[in-house]
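Undergrad: Below are the structure tokens for one structure; questions will follow.
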Amino acid sequence: MILGCSGLSLTVQEQSFFRAERPWAFILFARNVSEPQQIRDLGAALRDCVGRSDAPIFIDQEGGRVQRLRPPLAPNYPPGSALGALYKSDKTAGLRAAWLMSRLHAFDLLKVGVTADCLPVLDVPIEGAHDVIGNRAYGKDPETVAAMGRAAAEGLLAGGVLPVIKHIPGHGRAFSDSHHALPVVDTPLDALRRHDFAPFKANAGIGMAMTAHVIYSAIDPNQPATTSPIVISDYIRGEIGFDGLLMSDDLSMKALSGDFAARASASLAAGCDVVLHCNGLMDEMAPVASAVPVLAGKALERARRAMEPLGHSDGADEAALRNEFAALFGAVA
């Protein structure tokens, strides 16, 4: 499991809980960050609890409205749609901008001990869909999203930070926000294949992916992808060909039903390798932990494989890349 914590430092209860339950990884949010040394200290404390100095620490650092590190910790970066607009006018410049921005994310994150970024967003929105994806997407066509997502992932990897493709097999058609309700997509399977699945299939070799809490009625009318053995086995693993580490989206989102132990159990039984719980609330994390087995077998193998690129940096010149990004895209605040 991947868990969050409640604040800027660990409580005694959190320390005891994490030492006993030994999560595979952790995730940080805005409530967990204030200044660089505090973030480094929090990460060190989390890793100390599980006795693994390489335990991944995740964050959502996309740019635009989904960006946990803000000035002065990191510049305000543009959203994916702005990069996609550049790609539409100049493909070479757009791809370079996507790579550069992710490479700059890697500089920002590693300085504070964060080693995995929940990026790139490979969802392809349609007109009228809920804005939960919106301008986070690189575009509204699969080719743009696939190409820009690949460049973004490669930028993170060049800096030694692990990317996570999301939200597999596609959240772009959702007419509700899965944080608050369960979206149901009634699109025929052929259209899903051409439009929604395509960017994930093109990027299936990336080491980690996060599921969509979305029902695709053409595949499984009863369960969202996260808890659907059919969606995960036949489509995510089968047709799309993703064999990396598959994590659930946040179990505390209201799209899922049942208590937290049931949500965790259903996600793992469906084929997720690890479950994600983000809000740091102990009365939710404890039942999640009670339902989660030790990471083993194929899931452990995928986790180890996903971590192989960690820390392998290209040694690039940060100042030069920041100047290049500013010249391509304009200065960032």
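Only the coordinates and a few stated rules stand behind these numbers; no lab work does. From a predicted model like this one, the values you see are computed outputs, not experimental measurements. Backbone-built Cβ (ideal geometry, glycine too); neighbour counts: all protein chains shown.
Undergrad: Please work out the FRET efficiency for the pair Ala20 and Asp186, using the Cβ-Cβ distance as r and a Förster radius of 45 Å; give the result to the nearest 0.05.
TA: Taking R0 as 45 Å, the efficiency between Ala20 and Asp186 is 0.55.
Undergrad: Contour minus end-to-end for Glu308 and Arg193, with contour as 0.36 nm per residue of separation and end-to-end as the Cα-Cα distance?
TA: Taking 0.36 nm per residue and subtracting the Cα distance, the gain is 38.4 nm.
Undergrad: At 222 nm, what helix-only mean residue ellipticity would the chain give, in deg cm²/dmol to the nearest 500, using -39500 (n - 2.57) for each DSSP H run of four or more?
TA: -11500 deg cm²/dmol
Undergrad: Between Arg65 and Asp141, how high is the FRET efficiency from 1/(1 + (r/R0)^6) when r is the Cβ-Cβ distance and R₀ = 25 Å? Nearest 0.05.
TA: Once rounded, the FRET efficiency stands at 0.70.
Undergrad: Just to verify a number: FRET efficiency for Lys91 and Asp234, C-beta to C-beta distance, R0 = 22 Å, to 0.05?
TA: 0.05
Undergrad: Of Ala209, Ala116, Asn135, which is farthest towards the positive pole of the stretch 94-222's charge dipole, taken about the Cα centre with +1 and -1 on the beta-carbons of Lys, Arg and Asp, Glu respectively?
TA: Checked the options; the winner is Ala116.
Undergrad: At what distance in nm do the modelled label points of Glu301 and Gln38 sit from each other, each positioned 7 Å from its Cα along Cα→Cβ?
TA: Computed distance between label sites Glu301 and Gln38 equals 4.4 nm.
Undergrad: Moving to a separate point now. Mind listing the long-range amide H neighbours of Leu162? Cut-off is under 5 Å, sequence gap 5 or more, other chains count too, H placed in the peptide plane at 1.01 Å from N.
TA: For Leu162, whose amide H was placed from the backbone, the distant partners under 5 Å are Ala116, Asp117.
Undergrad: Spelling out what I want: for every residue of the stretch 284-296, take phi, set θ = phi - 60°, compute 6.51 cos²θ - 1.76 cosθ + 1.60 (Karplus), and round to whole Hz; glycine and proline get x.
TA: 9, 5, 4, x, 4, 4, 5, 9, 9, x, 5, 5, 7
Undergrad: I'd like the distance separating the alpha-carbon centroids of the stretch 271-333 and the stretch 22-36, in whole Å.
TA: 11
Undergrad: Here is a follow-up. Once phi is turned into ³J(HN,Hα) by the Karplus curve 6.51 cos²θ - 1.76 cosθ + 1.60 with θ = phi - 60°, what whole-Hz value does each residue of the stretch 143-155 show in order, with x for glycine and proline?
TA: So the J values, rounded to whole Hz, are 5, 4, 4, 5, 5, 5, x, 4, 4, 5, 4, 5, x.
Undergrad: Dipole magnitude of the chain about its Cα centre, charges +1 at Lys/Arg Cβ and -1 at Asp/Glu Cβ only, in debye to the nearest 20?
TA: Taking the Cα centre of the chain as origin, the dipole is about 300 debye.
Undergrad: If I compute Cα extents along the principal axes in Å from the structure I just sent, which labelled value in (i) 81, 46, 30; (ii) 51, 50, 32; (iii) 135, 74, 31 lines up?
TA: (ii)
Undergrad: Which ³J(HN,Hα) values, rounded to whole Hz and listed in residue order, are derived for the stretch 72-77 from phi using the Karplus coefficients 6.51, -1.76 and 1.60 in 6.51 cos²θ - 1.76 cosθ + 1.60 with θ = phi - 60°, glycine and proline given as x?
TA: After applying 6.51 cos²θ - 1.76 cosθ + 1.60, I find x, 5, 7, x, 6, 8 Hz.
Undergrad: If you don't mind, there's one more thing I want to ask. Expected output is a single nm value to one decimal: the length gained when fully extending between Glu324 and Asp131, i.e. 0.36 nm times separation in residues minus the C-alpha distance. What is it?
TA: 66.4 nm
Undergrad: Each label point is 7 Å from the Cα along the Cα-to-Cβ direction; what then is the distance between the points at Asp54 and Ser9, in nm?
TA: Distance between label points: 3.0 nm.
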